[in-house]
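Chemist: Mind having a look at this structure? Questions to follow.
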Amino acid sequence: MEAGKTVGLGFRIGTAWLLAALVALVMPFGLSAAPAGVPAEVTFTRDIAPIVQRSCENCHRLGGVAPMSLATYEEARPWARAMKTRTSIGPKAGVMPPWYVEKNIGIQKFHNDPSLSDDEIATIAKWADSGAPRGNPADMPPPKQYIDNAAWAIGTPDIIVKMKEIEVKATAPDWWGEVPSVPTGLTEDRYVAALEIKEVNDVDSHAGSGRATVGGRFVFHHMIWRTQVLDGKSDQEQDPLAIFNDEEAVNWPVHEVGRNADFFDPKSARLLKAGSSVVSDSVHLHSNGRDTRAHLEIGFKLMPKGYVPTYKRAIFGLGNGVDIDIKAMEANQQLHAYTVLQQHTKIISFEPHLHAPGARMCLEAIWGYTIQTLNCVGYDHNWVRGYDYTDESAPLLPKGTILHIVGFMDNSPSNKNIPDPRNWQGSGNRSVANMFIDLGIRLALTDDQFQEEMAKRREKLHLTKNDVVIGCPLCLVTPVPAPAKASGGQQQ
């Protein structure tokens with residue numbers, strides 16, 4: 001009898017261990033417990049609709065640029081599995097919403113961040129896996145209201161400049177060149193608080209372009225541009241380098257396909273001169289599979305009259321477009337570029353610019369023995385992003401800092417943007433060639449401004465001597481007081 005109990009107990013224990021082992025094996029393949037932040041039962045009306053309204057509906061709505069609307073249950077239900085797949089692939093090409101910041105590296109505070117948390121991604125997955133239930137209609141949040149289908153992220157612009165319309169044939173090769181200048185119509189000097197550029201074309205976003213290509217439904221891949229007072233000269237007579245030494249010319253953030261709006265630092269709004277025109281001798285067009293007529297519209301949001309900036313722009317290059325060497329049929333190839341800061345610098349934004357082989361870019365700051373990765377972000381040549389730091393997270397780097405960018409290139413069959421990965425690739429203007437640049441916005445700071453910014457950062461974040469601040473290597477080093485002047489009396 002006792003022996004029987006021993007055998008039975010041993011069998012029960014062995015069975016328990018076997019079941020535990022089976023669970024351990026099975027759980028990584030889809031039966032793992034849901035994260036603590038995921039509801040036990042997920043419904044569209046209560047759990048999914050708020051996520052869609054915040055991070056998806058700006059594009060995925062009636063009249064939006066996305067190929068389908070997700071604003072209602074009836075519209076979203078057929079796409080449940082696709083929503084699970086696209087939101088869960090990580091910060092790389094194809095992820096939705098299109099935000100590629102890697103969340104386990106570097107600075108994580110940005111303006112207008114539409115990305116989903118791990119819990120939200122898991123919630124969408126659970127909703128799809130459980131049959132995508134509707135839920136109680138009473139739980140549905142009120143529908144978002146949009147002023148119109150062409151609403152501007154910066155609000156209603158004070159000035160809209162419409163560029164000349166162009167036509168790109170369905171199978172035309174990449175084109176790179178100059179477009180006619182267009183007057184801004186401004187009659188007095190004004191400073192610009194925010195900027196947004198839209199491509200307006202005759203492509204039906206819901207019908208598709210008919211060909212999978214860079215940019216999908218758009219034909220402007222990017223435009224490098226400036227505003228300049230032309231003074232009666234022709235576009236060909238203008239000096240493109242005037243932006244560096246002529247107050248009558250001002251360069252602006254590069255327009256790229258899918259790019260978000262730019263909000264300038266309140267202390268360094270950019271000047272738009274009276275009588276200036278939009279000038280570009282560097283527009284990149286690509287076909288999208290159908291004859292398309294398109295133009296760009298540039299919206300400017302102005303600062304109040306009388307505004308005067310405090311900080312100046314820092315103008316320096318960070319990139320390499322000369323000796324790019326991308327081998328055929330290889331993924332995870334690296335490019336490197338460096339620059340040394342000649343003045344204290346506040347980095348307002350990080351904007352990787354690569355071409356079709358681009359998969360990822362990292363930004364690193366080296367100060368003495370301190371080496372910090374500020375950010376790593378994925379890259380998608382179909383949907384280019386700029387990442388605007390919040391004021392308390394923007395890197396504050398002393399002069400002498402080395403900025404280093406690392407580009408990761410994928411010239412293999414797994415990269416769907418590459419027409420033929422058997423080809424070697426170098427630098428060049430076409431999408432199938434390569435560029436490697438950080439187009440971010442930076443400010444130059446005087447010694448006093450640099451100390452003031454760091455003091456504000458210490459106060460805002462309640463920093464102590466034990467903290468580590470990514471992107472601010474001297475934030476915890478307070479200024480050394482100047483020695484007191486001799487009063488003329490005897491030394492004590």
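The values are calculated or read from the model by the stated rules, or taken from the named source; none is laboratory data. Just so it is clear, the model here is predicted, and its values are computed rather than measured. Every residue, glycine as well, gets a Cβ built from its backbone with ideal geometry; the counts of neighbours run over all protein chains shown. Areas reflect the complete protein model, heavy atoms only, side chains present, ligands, DNA and RNA absent. Shrake-Rupley method; radii C 1.70, N 1.55, O 1.52, S 1.80 Å.
Chemist: So, taking all protein chains as they sit and a 1.4 Å probe, how much accessible area belongs to SER393, in Å² rounded to tens?
Modeler: Only protein atoms counted, so the area is about 10 Å².
Chemist: In Å², and per residue, what accessible area does the stretch 414-472 have when probed at 1.4 Å with the other protein chains present?
Modeler: 57 Å²
Chemist: Between VAL308 and ASP391, what is the label-point separation in nm under the 7 Å Cα-to-beta-carbon projection?
Modeler: Placing both labels 7 Å along Cα→Cβ, they lie 2.0 nm apart.
Chemist: OK, next. HIS295 accessible area, nearest 10 Å², 1.4 Å probe?
Modeler: 30 Å²
Chemist: Counting only the heavy atoms of the protein chains, how much of CYS59 is accessible to a 1.4 Å probe, in Å² to the nearest 10?
Modeler: 30 Å²
Chemist: Given R₀ = 51 Å, what would the calculated FRET efficiency be for LYS399 paired with HIS295, taking r from the Cβ atoms and rounding to 0.05?
Modeler: 0.75
Chemist: Next question. How big is the gap, in Å, between the Cα center of the stretch 84-153 and the Cα center of the stretch 363-433?
Modeler: Between the Cα centres of the stretch 84-153 and the stretch 363-433 lies a distance of 24 Å.
Chemist: Stretch GLN145-ASP119 to full length: gain in nm at 0.36 nm per residue minus the Cα-Cα span?
Modeler: Computed gain between GLN145 and ASP119 is 6.7 nm.
Chemist: Taking a point 7 angstrom from the Cα of GLN451 along the C-beta vector, which residues in the stretch 397-425 have backbone N less than 16 Å away?
Modeler: 398-399
Chemist: Leaving ligands, DNA and RNA out of it, rank THR156, THR373 by accessible area with a 1.4 Å probe, largest first.
Modeler: Order by accessible area, largest first: THR156, THR373.
Chemist: Ignoring ligands, DNA and RNA, please state the percent of accessible area on the stretch 342-452 from carbon and sulfur, probe 1.4 Å.
Modeler: Percent of accessible area from carbon and sulfur atoms in the stretch 342-452: 52.
Chemist: Excluding ligands, DNA and RNA, what is the solvent-accessible area per residue of the stretch 143-188 at a probe of 1.4 Å, expressed in Å²?
Modeler: 66 Å²
Chemist: What aspartates and glutamates does LYS144 reach when the alpha-carbon gap must be under 13 Å and sequence neighbours fewer than 8 apart in one chain are set aside?
Modeler: Filter leaves GLU57.
Chemist: Mind scanning LYS109/LYS346; LYS109/LYS460; LYS92/LYS416; LYS84/LYS109; LYS164/LYS198; LYS109/LYS416 and naming the pairs with a C-alpha gap bigger than 19 Å?
Modeler: LYS84/LYS109; LYS109/LYS416
Chemist: Sticking with this one: With θ taken as phi - 60° and the coefficients 6.51, -1.76 and 1.60, list the Karplus ³J(HN,Hα) couplings across the stretch 186-201 in order, rounded to whole Hz; mark glycine and proline as x.
Modeler: With coefficients 6.51, -1.76 and 1.60, one gets 6, 9, 8, 4, 9, 9, 9, 8, 8, 9, 8, 10, 10, 8, 10, 9 Hz.
Chemist: What number comes out for accessible area per residue over the stretch 332-381 if the probe is 1.4 Å? Units Å², please.
Modeler: 34 Å²
Chemist: If you take the square roots of the eigenvalues of the alpha-carbon gyration tensor of the stretch 359-399 and sort them as a ≥ b ≥ c, do you get rounded (a/c under 1.5), prolate (a/b over b/c) or oblate?
Modeler: Judged from the Cα gyration tensor, the stretch 359-399 comes out oblate (a/c at least 1.5, b/c at or above a/b).
Chemist: If you don't mind, another one. With every protein chain kept in the model, how would you rank ARG457, ARG134 by accessible area, 1.4 Å probe, largest at the top?
Modeler: Listed by decreasing accessible area, they come as ARG134, ARG457.
Chemist: For TRP152, TRP176, TRP225, write out the residues from largest to smallest accessible area, computed with a 1.4 angstrom probe and no ligands counted.
Modeler: Result of the area sort, largest leading: TRP176, TRP152, TRP225.
Chemist: Another one. Which whole-number percentage describes the relative contact order of the stretch 396-472, with Cα contacts under 8 Å and a sequence gap of 6 or more?
Modeler: Answer for the stretch 396-472 is 31 percent.
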